[in-house]
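Input: a single structure, listed below in structure tokens.
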Amino acid sequence: MKISITNKIRTACGNKLGVPLFLCAIMMIIFILCPFISVFHPDTVNDIHKVTSQDGYVKIKAKKLYYTGYNLEKSGGSLYGYYYSIKDGKSVFAIIPIEGAPQKVIKNYEFKAKITKPNRAFKKMLESYMNDLNWNVDSFSKVNAHFILSNADYYPSFYMVLLWIVLVIFLISMKKSISRLIAIANPYIYPVCSFIGKKEQKALIDDAQYELDSENYIQINDMYITENYFIDLGKTKVSIIPLDEIVWCYRMGEISLNPKDTAPEFSICFMILTGSVITAKHKSSDEALELINAIRATGYEIIIGHSESKRKEAKRIVADYKEYEMQKSIR
């Protein structure tokens, strides 16, 4: 059966398309469900008694707020006071920050708040406050709003951080999705070789395809070594490296976080003349050893195996090549 590099590129891109598309969908759902707009731009209400339980986040201007004498301390040491407003026999409570000594009456006070349901701490405070006034809690509940205006629960910084995370993940996922869809439509723009330009990609793929079609190659599962190329046609990545660009080839063990993985995996590392390292990941021990031996047998002057002396030798060759390229560009 004929091996098609472009078809392998399409398959690899298709296999890696699901995750970014899924992340895009999740980020869109989070953006829709989270009240970003109402948090950053809460509705302005000039009368605190016109607020309803249906409002999510509001910006309030209260004419008069009365201090209950009870405070709420949040994690981090932030201190808030329980205040209330009365109008036409109806009351509504607000939790607002306290700076210094609490004022018994606050006039024309503006604050932003989240509309919340009474929690255990509020109910305990209300019961104690009613006892202080010798009032009946049940009777008072009939004239009191069944919600609280809480500045203590208004967290714009949290939603700002969350919004940035959502946008970054969405944009990165969208970019990956688009690039993979484009590569499916036109495989020649897929970066099979990271150190060459896009214009050279087509010639490289066509030349590698020509050598595969000649059937003069060594095959190790999805990896192929032809006369002039190392070709890795993986399920999620396709790489083509000219053998004359490889300076050093060695294998490294991979750390697996999956407890079910019993067989060790290896990465085959190729240092090229520019000094960068290209890695073929998730290879078995047999695949790695067989590939190393096949690279050794190509006849190219490639340093094989990992040691400190070989690392220094590879670095020296790269430095000499860069110096040569620099001198050539000056001439």
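The values are calculated or read from the model by the stated rules, or taken from the named source; none is laboratory data. Computed from a predicted model, the values in this text were never measured in an experiment. Cβ coordinates were reconstructed from backbone atoms using ideal geometry, including for glycine residues, and neighbour counts include every protein chain displayed. For the accessible areas, the whole protein counts, side chains as well, though only heavy atoms, and no ligand, DNA or RNA atoms are used. Shrake-Rupley method; radii C 1.70, N 1.55, O 1.52, S 1.80 Å.
Fully extending the segment from Phe31 to Lys50, taken as 0.36 nm per residue of separation minus the present Cα-Cα distance, adds 4.0 nm.
Which entries in Lys176/Lys322; Lys64/Lys123; Lys50/Lys112; Lys198/Lys235; Lys87/Lys124; Lys8/Lys310 show an alpha-carbon gap greater than 26 Å? Over 26 Å apart, Cα to Cα: Lys176/Lys322; Lys8/Lys310. Applying the criteria of a DSSP loop state and at most 12 other Cβ atoms within 10 Å to the GluC sites (Glu not before Pro) of the range 97-204 yields Glu99. Just checking the listed ones, Leu181, Leu133, Leu233: in the Gaussian network model of the chain with Cα springs under 10 Å, the one fluctuating most is Leu133. Put simply, the convex hull of the Cα atoms in the range 1-94 casts, on average, a shadow of 11.3 nm². Subtracting the Cα-Cα distance of Leu289 and Leu167 from their residue separation scaled by 0.36 nm leaves 39.6 nm. The GluC sites (Glu not before Pro) of the range 281-321 that DSSP puts in a loop, and whose beta carbon has at most 16 other beta carbons within 10 Å, are Glu301. Using the Kirkwood radius built from alpha carbon pairs, what does the Stokes-Einstein equation give as D for the range 194-242 at 20 °C and 1.002 mPa s, in µm² per second? After rounding, the answer is 193 µm²/s. Summary value for the chain: 16 percent relative contact order, contacts being C-alpha pairs under 8 angstrom separated by 6+ residues. Over the chain, DSSP H runs of length four or greater, each weighted -39,500 (n - 2.57), average out per residue to a 222 nm ellipticity of -13000 deg cm²/dmol.
Net length available on complete extension from Ile218 to Asp138 is 20.2 nm, with 0.36 nm assigned per residue and the Cα-Cα distance removed.
Computed from label points 7 Å out along Cα-Cβ, the spacing between Lys107 and Glu313 is 8.9 nm. Note the per residue figure in Å³ for the convex hull of the C-alpha positions in the range 98-233. Normalising the Cα hull of the range 98-233 by residue number yields 278 Å³.
Using the Cα coordinates of the range 201-331, the gyration tensor eigenvalues translate into equivalent-ellipsoid semi-axes of 26, 21, 13 Å, sorted from longest to shortest. Rolling a 1.4 angstrom probe over the chain with all protein chains present gives an accessible area of which 56% lies on carbon and sulfur atoms.
Calculate log10 I(q)/I(0) of the range 50-155 for q = 0.13 Å⁻¹, where I(q) comes from the Debye formula with a single equal point scatterer on each Cα and nothing for solvent. Summing over Cα pairs of the range 50-155 leads to -0.43. Compute log10 of I(q)/I(0) for the chain with the Debye formula, placing one identical point scatterer on every Cα and leaving out solvent, at q = 0.15 Å⁻¹, to two decimals. For the requested q values the scattering log ratios are -1.23. Figure note: Met125, Met252 ranked by solvent-accessible area, largest first, 1.4 Å probe, ligands and nucleic acids not counted: Met252, Met125.
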